[in-house]
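To start, the structure itself, in structure tokens.
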Amino acid sequence: MRRWLLLPVLALAVGCSTTPDPGPTVLAAPVIALPAPAEQDTAAPLPPATTAPRPSDRPRPTPSGPAPTASAVVGAVRGVDRAAEVGLLVLDRETGTEVVSALPDRRFRSASLVKLLIAVDVLEAGADTATRKQVARMLRLSDDDIASALWVRRGGAALVTRAARAMGLRDTRPPAIPGRWGDVLLTARDVAGVYTHVLEALPAADRALVVDALAAAPRSAADGFDQHFGIPDGLSAPWAVKQGWSDSTRDIVVHSTGLVGAGWRYVVVLLTEHPLRTAWSTAAKSVTAGARTLDAVLR
């Protein structure tokens with residue numbers, strides 16, 4: 001699940017692959033231009049902005065169960081992997097309150113969650129039709145090659161600083177090694193802030209692009225990883241998700257985040273960090289177990 005890309009100027013860019021090979025794969029060819037969408041991608045053209053109206057345009061049901069406690073969610077995660085570290089935040093956009101939280105300001109490596117920042121930065125700068133299609137594919141399939149190309153195009157670490165400032169993300173930091181975008185540091189609170197920005201600050205067409213792509217995330221990501229863990233497998237309500245999975249020399253991280261419920265009433269962020277040799281299946285199951293404890297209240 002480790003991918004290293006050789007990028008000019010910005011050195012190495014790391015993505016999120018699926019197989020926990022002990023050694024990295026080095027790509028000798030530099031990545032400069034945006035890659036064209038894969039020929040086998042037969043997705044329909046981007047839908048019009050009306051397919052993702054503001055959540056306020058949709059009915060908002062009341063929660064159907066009592067709010068879970070933070071200890072219940074964390075306990076469910078650790079019931080599968082007792083060594084897991086957990087960052088959690090669930091926001092109710094209808095009431096403006098936190099449904100549940102646990103260490104929402106603890107920093108985790110972002111893995112592919114940084115693609116949300118990349119998408120917002122690219123769209124807010126103005127993007128042509130081809131680039132917009134690239135952004136949608138990057139979000140829907142968690143495409144690392146597109147993320148790497150856009151990371152370079154938008155200035156690498158400067159993108160993180162710029163996006164964090166624009167969205168008011170207090171604890172998001174660029175990677176220690178420029179180019180390793182999967183090592184961006186962020187918190188559950190900041191990820192929730194990105195989703196809030198998407199729903200409340202992006203123009204309608206940009207909002208629709210992002211939300212529709214996340215709502216169409218297939219089970220198999222571009223690298224073959226099963227990205228239907230956590231929210232997709234643990235919750236019965238409608239969802240639009242961005243998942244993350246990555247390893248380093250110290251740990252692996254597996255994250256499930258997104259918009260949930262009618263009208264996208266809830267923002268759900270569940271971040272986890274596991275010991276390095278944890279099986280990917282174990283980490284993913286732990287995230288699903290944690291998400292499942294939220295189902296009664298988020299239906």
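FYI, it's all coordinate maths here, none of it is from the lab. The structure presented is a predicted model; accordingly, all values stated were derived computationally and were not measured. Note: ideal-geometry Cβ built from the backbone for every residue, glycine included; neighbour counts use all protein chains shown.
Summary table
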read-out	value
Unique residue being under 11 Å from residue 181 (Cα atoms) and crowded, with 24+ Cβ neighbours inside 10 Å when the list is 147, 136, 119	147
In the stretch 193-204, the residues that are surrounded by 23 or more Cβ atoms within 10 Å (Cβ to Cβ), touching a residue at least 40 places away in the same chain (Cβ under 8 Å) and either touching a helix residue (DSSP H, G or I) at 6+ places or on another chain (Cβ under 6 Å) or not hydroxyl-bearing (Ser, Thr, Tyr) (or both)	194, 198
From 165, 189, 137, residue being out of contact with any Pro (no Cβ under 7 Å at 6 or more places or on another chain), basic (Lys, Arg) and in a helix (DSSP H, G or I)	165
Number of positions in the stretch 259-277 that are of a type in the set (A, V, I, L, M, F, W, C), more than 21 Å from residue 110 (Cβ to Cβ) and touching a helix residue (DSSP H, G or I) at 6+ places or on another chain (Cβ under 7 Å)	1
Positions within the stretch 249-274 being of a type outside the set (A, V, I, L, M, F, W, C), within 24 Å of residue 80 (Cα to Cα) and in contact with a Leu (Cβ under 8 Å, 6 or more places away or on another chain), in sequence order	249, 250, 251, 255, 256, 257, 258
Qualifying positions in the stretch 139-166 - farther than 18 Å from residue 255 by Cβ, of a type outside the set (Gly, Ala, Ser) and touching a residue at least 40 places away in the same chain (Cβ under 8 Å)	145, 146, 150, 151, 152, 153, 159, 162
Criterion: surrounded by fewer than 24 Cβ atoms within 10 Å (Cβ to Cβ) and more than 25 Å from residue 101 (Cα to Cα) - qualifying residue of 207, 180	207
Test result for residue 128, out of contact with any strand residue (DSSP E or B) (no Cβ under 7 Å at 6 or more places or on another chain), crowded, with 24+ Cβ neighbours inside 10 Å and of a type in the set (D, E, K, R)	no
Residue identified as under 16 Å from the mean Cα position of the chain (by Cα) and in contact (Cβ under 8 Å) with a residue 60 or more places away in the chain among 218, 275	218
Close pairs from the stretch 73-101: first without any contact (Cβ under 8 Å) to a residue 24 or more places away in the chain, partner not in a loop (DSSP other than H, G, I, E, B), Cβ under 8 Å, at least 6 apart	97/91; 98/89; 98/90; 98/91; 98/92
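Listed here are the residues, each with its yes/no results for (1) more than 22 Å from residue 199 (Cβ to Cβ); (2) free of Cβ contacts under 8 Å to residues at least 24 places away in the same chain; (3) among the charged types (D, E, K, R); (4) surrounded by fewer than 21 Cβ atoms within 10 Å (Cβ to Cβ).
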site: 238; (1), (2), (3), (4): no, no, no, yes
site: 259; (1), (2), (3), (4): no, no, no, no
site: 282; (1), (2), (3), (4): yes, no, no, yes
site: 287; (1), (2), (3), (4): yes, no, no, no
site: 292; (1), (2), (3), (4): yes, no, yes, yes
site: 298; (1), (2), (3), (4): no, no, no, no
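Results for (1) of a type outside the set (Val, Ile, Thr); (2) in a loop (DSSP other than H, G, I, E, B), shown as yes or no for each residue.
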{"residue": "229", "(1), (2)": "yes, yes"}
{"residue": "271", "(1), (2)": "yes, no"}
{"residue": "277", "(1), (2)": "yes, yes"}
{"residue": "288", "(1), (2)": "no, no"}
{"residue": "291", "(1), (2)": "yes, no"}
